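Worksheet: one structure, shown below.
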Amino acid sequence: MAAPSEAEIRTQWKNIINILEKTRAYADNDLVDPGGYIDVLVQSFEGDYIPVDGAAFLTRIRSLLSSSVNQSQAIAAIEPVLYEYASVLAASGTVGYGSGYSNSADIFAALYQWFIDSSITVKTRAITYTAVSAVSGNVGTAGISRLTEDRYGHKLEACHVEKKMAQCISDQNSGTQKWAERLQFIGTASSFDGLGVGVTGSGEASRTIVTAKHAGSGNGGSLLNNSSFSDFTVSATSGAQFTNWDETIVGAATTAITQDTTNYYRSHPNSSTNASMKLTLANAGHSITLKQTLTNMRVSRLDPNTPYFLRVMVNKTVGSGTAGNILLKLGGNTTVTTAVSGLGSGWQEIKIPFDKTCWLEEFGQDSFDIEIAWSAGTGGYMLFDDVMFCPWDLVDGTYWLVHQAHATPVANIIEDEYKAVDSGGAPGAGIMQYWCWIAGFGYLPSAASPTIADPT
């Protein structure tokens, strides 16, 4: 039999998904919903035989319907499509799409890349990802941020749409170091079978323990060495007064770089000294740059499949730092420049954006490094502290980050809570994408007006 064209494969894919979706919609909406056929029957139960035998009948019916739309059936529907698509990848004439893979998960990953390079999309699930908010009464001031897009800027749509709670379960009084608190993430109750999956939560399946990020060492610590500027040796020549950092001074004296052990953002787990870095400039033509290369970090390699977070806390108020710009640079293509004049009082956070720039594909470079600089300052000094370069934590398909950025940080304690309530993503919206997720393959590049329309 002749190999189908890509258009024919898409048609077959839509047709088989349509059967799954129609079965799911009938089961979820007509049978098992409150007020549905099953509910009507149960409400009518009377007599000696019908309530007992009728309940057994309903159990069998539900089991049959559940097994027809569960993960195994979704895999059975999509796998043949992927194997057929492998022939399209092979015929592309472009190396690297993985047409030789026999594993469906590998083919799906190759298909994702093919879609990216060919500008092919499926219909989005249209999920609204809400900001995480602290529950009233919390003691700690940590914030929880989210990353919901991948290295190409596409939404991470292989996730439940639900209310998620994060609760502090271990603090400095119960087994962890201060600033390295452990939080448990969990969603709402899940369906007990294959029905109602799109409108119920992740339950136990998504329960994840996350450690708050900090600039010390140990669990949750920055991947940089000497992130808190605790290790400092005075030198008459510039170079590496702060251990593991290479310094470059233009115009200013070596003494323009020093350590402040009185004014710092916060303490750090396992750090030798509580301190900040003090930079002094008094000429618009002067600059100070500190750089840490991968060879000086706590890790020898970065994971291309994990996003990373970078920030530094700065303070112009203590030293009346004036004018110029603060530069924060992550690798080769991600630079954030902040005018000193635009900074608020006290400790302020400068960070890279929470978008595709968090991925190695965006910021990777030959001789990877991280840079912090102050240039063109005309008076006073600036304090720098709490540089954190950390991986994000994966929870149920999107990435989460627990960290302190409050001007006056307070450590979390047991039972401090946070919540996020997402919306959208109903099973009938983004049908192709929904079933890729149910099958466990993940998600594909999506759009509101896609290249591959949903079945109707």
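The values are calculated or read from the model by the stated rules, or taken from the named source; none is laboratory data. None of these values were measured; they are calculated from a predicted model. Neighbour counts are summed over all protein chains in view; Cβ atoms, including those assigned to glycine, are modelled from backbone coordinates with ideal geometry.
Of all residues in segment 151-173, how many are charged (D, E, K, R) and closer than 10 Å to residue 398 by Cβ?
3
Residue 221 is checked against (1) more than 30 Å from residue 440 (Cβ to Cβ); (2) surrounded by fewer than 21 Cβ atoms within 10 Å (Cβ to Cβ) and fails just one. What number does that condition carry?
All conditions are met except number (2).
Is it the case that residue 82 is among the hydrophobic types (A, V, I, L, M, F, W, C), surrounded by 14 or more Cβ atoms within 10 Å (Cβ to Cβ) and in contact with a Phe, Trp or Tyr (Cβ under 8 Å, 6 or more places away or on another chain)?
Numbers: among the hydrophobic types (A, V, I, L, M, F, W, C): yes; surrounded by 14 or more Cβ atoms within 10 Å (Cβ to Cβ): yes; in contact with a Phe, Trp or Tyr (Cβ under 8 Å, 6 or more places away or on another chain): yes.
In short, yes.
Residues being assigned to a strand (DSSP E or B) and either over 14 Å from residue 138 (Cβ atoms) or under 13 Å from the mean Cα position of the chain (by Cα) (or both): count how many of those fall in segment 369-418.
Qualifying residue count, segment 369-418: 28.
Determine which member of the set 135, 139 is more than 19 Å from residue 397 (Cβ to Cβ), among the β-branched types (Val, Ile, Thr) and over 24 Å from the mean Cα position of the chain (by Cα).
Answer to the check: 139.
Given the criterion closer than 20 Å to residue 314 by Cβ and surrounded by fewer than 20 Cβ atoms within 10 Å (Cβ to Cβ), identify the matching residue among 244, 173.
Details: 173 fails: closer than 20 Å to residue 314 by Cβ.
Only one candidate passes the filter, namely 244.
Scan segment 19-40 for residues that are surrounded by fewer than 16 Cβ atoms within 10 Å (Cβ to Cβ) and part of a helix (DSSP H, G or I) and jot them down.
Once the filter is applied, which keeps residues that are surrounded by fewer than 16 Cβ atoms within 10 Å (Cβ to Cβ) and part of a helix (DSSP H, G or I), segment 19-40 yields 19, 22, 23, 25, 26, 29, 30, 37, 39, 40.
Could you say which residue among 214, 268 is under 16 Å from residue 390 (Cβ atoms), surrounded by 18 or more Cβ atoms within 10 Å (Cβ to Cβ), at pLDDT below 95 and not aromatic (Phe, Trp, Tyr)?
Residue meeting the stated conditions: 268.
Looking only at segment 102-114, decide whether some residue is within 21 Å of residue 445 (Cα to Cα) and in a loop (DSSP other than H, G, I, E, B). Give the derivation first.
Here is the first cut: in segment 102-114, the residues within 21 Å of residue 445 (Cα to Cα) are 103-114.
With in a loop (DSSP other than H, G, I, E, B) added as a condition, the list becomes 103.
For segment 102-114, residues within 21 Å of residue 445 (Cα to Cα) and in a loop (DSSP other than H, G, I, E, B): present.
Going by what's in this entry, would residue 123 be described as closer than 30 Å to residue 85 by Cβ, in contact (Cβ under 8 Å) with a residue 60 or more places away in the chain and within 19 Å of the chain's Cα centre (by Cα)? Spell out the reasoning first.
On the way: closer than 30 Å to residue 85 by Cβ: yes; in contact (Cβ under 8 Å) with a residue 60 or more places away in the chain: yes; within 19 Å of the chain's Cα centre (by Cα): no.
No: the conditions fail for residue 123.
Can you list the strands (runs of 3 or more DSSP E) found entirely within segment 251-359 that contain at least 1 residues being without any contact (Cβ under 8 Å) to a residue 24 or more places away in the chain?
Strands (runs of 3 or more DSSP E) meeting the threshold: 334-339.
Restricting the search to segment 110-143, which residues are β-branched (Val, Ile, Thr) and in contact with a Ser or Thr (Cβ under 9 Å, 6 or more places away or on another chain)?
Listed by number, the residues that qualify are 120, 121, 122, 124, 127, 128, 130, 132, 141.
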